[in-house]
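Colleague: There's a structure below that I have some questions on.
The values are calculated or read from the model by the stated rules, or taken from the named source; none is laboratory data. From a predicted model like this one, the values you see are computed outputs, not experimental measurements. As a convention, Cβ positions derive from the backbone with ideal geometry for all residues, glycine included, and neighbour counts pool all protein chains shown. Protein only, heavy atoms only, side chains kept; ligands, DNA and RNA dropped before computing areas. Shrake-Rupley method; radii C 1.70, N 1.55, O 1.52, S 1.80 Å.
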Amino acid sequence: MCQPKRWLWGLLPLALLWIAAGLLRHDSIQADLTARSVNEALKAKAPWATAAFDGRDATVTGVSPTPAAQRAAEEAVASVFGVRRIEDRTTVLAEAKPFIWSAAREANKLTLGGFVPDEATRAKLIADTRAALPNTEVVDQLRLARGVPAVFGAATAYALAQLARLPDGRASLTDSVLAITGTAPSLEAFQAASAAALPQGVSGSVTVGLPVVRPYLWQAQKAGQTITLTGLAPSAELKARIAEAAKAAAPNAVISDQMRLAAGAPAGLEAMAAAAFGHLAALTDGIASLTDANYSLTGLAPTGEAVSRLTATVRALPAGFALARQDVTSPVISPYTWSAVRNGIAITLSGFVPDEATRAATVTAARAIAPDALVTDQQSLGAGAPNGFGGMAAYAIGQLTRLTGGTAGLSNSAYTITGAAPSTLVREEVVAATARLPAGYTLARQEITAPAPPPPPPVVVVTPPPPVAVAPPAPPPLPLVPLPATAAPPGTVESCQEQFNALLDEPILFDTDKETIRPVSYLLLGRLAGVAKTCLTYTIEISAHTDADGTTAYNVDLSERRAQAVVEFLVREGVAGTNLKAVGYGETKPIAPNDTPENKQKNRRVEFTVK
């Protein structure tokens, strides 16, 4: 039987349960929608914060970069409809005073340190570093802090660009003051780092060390009135001082400074540069250069004397520097003229010689060949001398000293000799000698005079005496008495030997341990040649002797070479070689003991023996 009153009371609790379940479901959906809306708002306005919900009650957490950002997060949550209650558990980053950031690079490793304002900035810095240095390990030691300066982004980007140029370097930012130090790997990198201006609003300094360059090169080139400086200098200050030294050495010159900066300069570069400017001042054009501490000088001097003076100066370089090359010349003289003039006992040398050694040699030759002469040196240095000039000048002086007066000269390789000989014989010998000039030289003019031979004695007409009376027979003749010895008749062996012996009171001199005849003996040999020409019907043995110094074999060989040298000289003077015989006896026939320098000198001799 149906009893509605009884079961209607049972439906009432069910209805209440259904209504409660609906209300609860509605609240859950509403809370879920609210939580999503809040987190979307935080993502847009405060990405550092998150919200958790208990129903429609929100709890906000996170680390805010600033107090203002913290308030913005709370306002973003409160602006969402449906939030019933907000519990703010956010914190604010500690403020860094000063705000410091750093980047240190060692080869292929870069360490980031100091502070960044948030995680987004951290991520961007790491990404920018890897882009600027793609093969570099990035070590992140960054921390979060408040107080980031407004120029932080520009300053850090500039610093990373500079460190990309420096294999070893460091950048540090303190608020808005940036300091960068390091060593550039090349001049180009140094110049690029030095030229890059700091970002606007950033102060500080970029101190980049110069690269060490080897070899260290420097050069000063003079061309007319312009001096161009190139190569390297260790600092801007020293670079400027070197340019000032160039101007001081050449006040009227235009100084073109093209030097670049690099480390590794030799000690004393400034002093060496100043010395180089002094050397260039003596040149018309030239180059002074350094390769590390090795100095070179090339160029053209106005005169040979300037070359000589400069050669002496260049030998005294500043301490620590060495002369690697010197090639300084003077203008080529054309025609190249030289002369020796004899006037009585005076000999004057003038014209050009190629160097100081040749100048000294010509003066020495004149004094040796004519010891009693007054030698005046008026020679000048000049380039362009023909080959063999020194030997030809000595030859000319030797021939000139055989004359009582005259001139022996050169114009390029053309030889001229004029003057007066003391006798016809000497004149003939000097004339004959011009047919045997040193190789490469030709005779341009020859005018040698000699005294005329004395007139023949007058013819005396003898008138026969008148006849005389016949005398009585003479008494018996007295016994014959031998006449005293007299000089040998001319043309005989004895006469020839006497003439050689008389001349050989003066020794024939040679260079030490050589067969080279000294020029001082040329005149003596010329006189011996004159005697030999009058003794052509005999054989003349020319024997050379030595002292006892050295081995017997060596002394025999040296004496043979010296005897042969005398024979060859006489042949050049016109003596027939078939009449001459060279013999070397070495030390085997001494004429004095070999115990003192004086006695040894006596044993070093040349003898002429007529057979």
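Colleague: Return one number: the angle in degrees, 0 to 90 and rounded to the nearest 10, between the long axis of the Cα atoms of helix 304-314 and the longest principal axis of the Cα atoms of the chain.
Modeller: Approximately 50 degrees, to the nearest ten.
Colleague: Let me ask you something else. Just for the chain, what percent of DSSP beta bridges are antiparallel, to the closest 5?
Modeller: Percent antiparallel among DSSP bridges in the chain is about 55.
Colleague: Along the charge dipole of the chain, Cβ charges K/R +1 and D/E -1, which of 585, 287, 177 sits furthest on the positive end?
Modeller: 177
Colleague: With charges set only on the Cβ (+1 for Lys and Arg, -1 for Asp and Glu), what does the dipole of the chain come to about its Cα centre, in debye to the nearest 20?
Modeller: Details: 51 positive and 52 negative charges, 441 e Å.
For this selection, approximately 2120 debye.
Colleague: Between beta-carbons, use under 12 Å as the cut-off and find the net charge around residue 41, counting Lys and Arg +1, Asp and Glu -1. Kindly include the intermediate steps, with their values, before the conclusion.
Modeller: Details: positive: 36, 43, 45; negative: 40, 74, 75.
Here the count lands on 0.
Colleague: If you take the alpha carbon radius of gyration of the chain and divide it by 2.2 N^0.38 Å, what ratio comes out, to two decimals? Each step should come with its number before you reach the end.
Modeller: On the way: Rg = 56.3 Å, N = 611, 2.2 N^0.38 = 25.2 Å.
Computed over Cα atoms of the chain, the ratio equals 2.24.
Colleague: For helix 389-400, what angle does its Cα long axis make with the longest principal axis of the chain, in degrees from 0 to 90 and rounded to 10?
Modeller: So the inclination is approximately 20 degrees.
Colleague: Listed highest first by mean packing, meaning other Cβ atoms within 10 Å per residue, what order do 589-599, 427-437, 250-260 come in? Display every interim value, and only then the final one.
Modeller: Numbers: 589-599: 11.7, 427-437: 16.5, 250-260: 13.8.
Result, highest mean first: 427-437, 250-260, 589-599.
Colleague: Counting alpha carbon pairs within less than 8 Å and at least 6 residues apart, what relative contact order, in whole percent, applies to segment 122-265? Each step should come with its number before you reach the end.
Modeller: Numbers: 211 pairs, mean separation 24.4, N = 144.
Here the relative contact order equals 17 percent.
Colleague: What net charge is computed for the residues neighbouring residue 283, neighbours being all others with C-beta under 14 Å from the C-beta of residue 283, Lys and Arg scored +1, Asp and Glu -1? The partial results should precede the final answer.
Modeller: On the way: positive: 222, 309; negative: 285, 305, 327.
Once positives and negatives cancel, what remains is -1.
Colleague: For segment 116-216, go through all pairs of different Cα atoms, get the mean of 1/r, take its inverse, and jot down that Kirkwood value in Å.
Modeller: Working: mean 1/r = 0.0689 Å⁻¹.
Radius from the Kirkwood sum: 14.5 Å.
Colleague: If r is the Cβ-Cβ distance from residue 378 to residue 291 and R0 is 51 Å, what FRET efficiency results, to the nearest 0.05?
Modeller: On the way: r = 41 Å, r/R0 = 0.81.
Plugging the Cβ-Cβ distance into 1/(1 + (r/R0)^6) gives 0.80.
Colleague: Lysines within cross-link reach of residue 514: Cα-Cα under 26 Å, excluding same-chain residues under 8 positions apart?
Modeller: Candidates past the 8-residue exclusion: 581, 589, 600, 602.
Colleague: Among 76, 319, 575, which residue has its Cα positioned farthest towards the positive end of the charge dipole of the chain, with +1 placed on the Cβ of Lys and Arg, -1 on the Cβ of Asp and Glu, and the dipole taken about the Cα centre?
Modeller: With unit charges placed on the Cβ atoms, the residue in question is 76.
Colleague: Still on this structure: Do you know the relative contact order of the chain, to the nearest whole percent, from alpha carbon pairs under 8 angstrom that are 6+ apart?
Modeller: Details: 1105 pairs, mean separation 35.4, N = 611.
For the chain, the relative contact order is 6 percent.
Colleague: Then there's this: Grab the DSSP H runs of the chain that are 4 residues or longer, score each as -39,500 (n - 2.57), total them, divide by all residues and round the 222 nm result to the nearest 500 deg cm²/dmol.
Modeller: Working: 15 runs with 214 residues, N = 611.
The per-residue figure over the chain is -11500 deg cm²/dmol.
Colleague: What nm distance separates the two modelled labels at residue 94 and residue 225, each placed 7 Å from Cα along Cα→Cβ?
Modeller: 7.3
Colleague: Further question on the same structure: Can you tell me how much longer the chain between residue 198 and residue 578 gets when fully stretched, taken as 0.36 nm per residue apart minus their C-alpha distance, in nm with one decimal? Write out the running numbers ahead of the final one.
Modeller: Values: separation 380, 0.36 × 380 = 136.80 nm, distance 9.96 nm.
That works out to 126.8 nm of additional length.
Colleague: Okay, moving on. Filter 45/109; 109/239; 97/239; 45/124; 97/124 down to the pairs with a C-alpha to C-alpha distance above 31 Å, please.
Modeller: 45/109; 109/239; 97/239
Colleague: Here's a follow-up. Below 8 Å, C-alpha to C-alpha, sequence gap of six or more: please give me the relative contact order for segment 287-329 in percent. Spell out each step's value before the answer.
Modeller: Numbers: 50 pairs, mean separation 21.7, N = 43.
It comes to 50 percent, rounded to a whole number.
Colleague: Looking at segment 101-168, what % of its DSSP beta bridges pair antiparallel, to the nearest 5?
Modeller: On the way: 7 of 15 bridges.
Counting only bridges with both partners in segment 101-168, antiparallel ones make up about 45 percent.
Colleague: Now for a separate question. Against the longest principal axis of the chain, how steep is helix 269-281, in degrees 0 to 90 to the nearest 10, with axes from Cα atoms?
Modeller: That helix lies at roughly 40 degrees to the long axis.
Colleague: What whole number of Å gives the distance from the Cα centroid of segment 575-611 to the Cα centroid of segment 305-372?
Modeller: 37
Colleague: How far apart, in nm, are two points set 7 Å out from the Cα along the Cα-to-Cβ line at residue 323 and at residue 54?
Modeller: For the pair residue 323/residue 54, the computed spacing is 10.0 nm.
Colleague: Less than 14 Å Cβ to Cβ from residue 345, Lys/Arg counted +1 and Asp/Glu -1: what total charge do the surrounding residues give?
Modeller: Details: positive: 342, 367; negative: 372.
Net of charged neighbours comes to +1.
Colleague: For segment 61-103, give the magnitude of the charge dipole about the Cα centre (Cβ charges: +1 Lys/Arg, -1 Asp/Glu; no others), in debye to the nearest 20.
Modeller: 60
Colleague: With every protein chain kept in place and ligands, DNA and RNA left out, what is the accessible area per residue of the chain? Probe 1.4 Å, answer in Å².
Modeller: Heavy-atom SASA per residue in the chain reads 54 Å².
Colleague: Answer with one residue from 551, 46, 393: the one whose Cα lies farthest towards the positive end of the charge dipole of the chain, charges on Cβ with Lys, Arg +1 and Asp, Glu -1.
Modeller: 46
Colleague: Along Cα→Cβ, 7 Å out, is where each label goes; now give me the distance between the ones at residue 334 and residue 141 in nm to one decimal.
Modeller: 7.6
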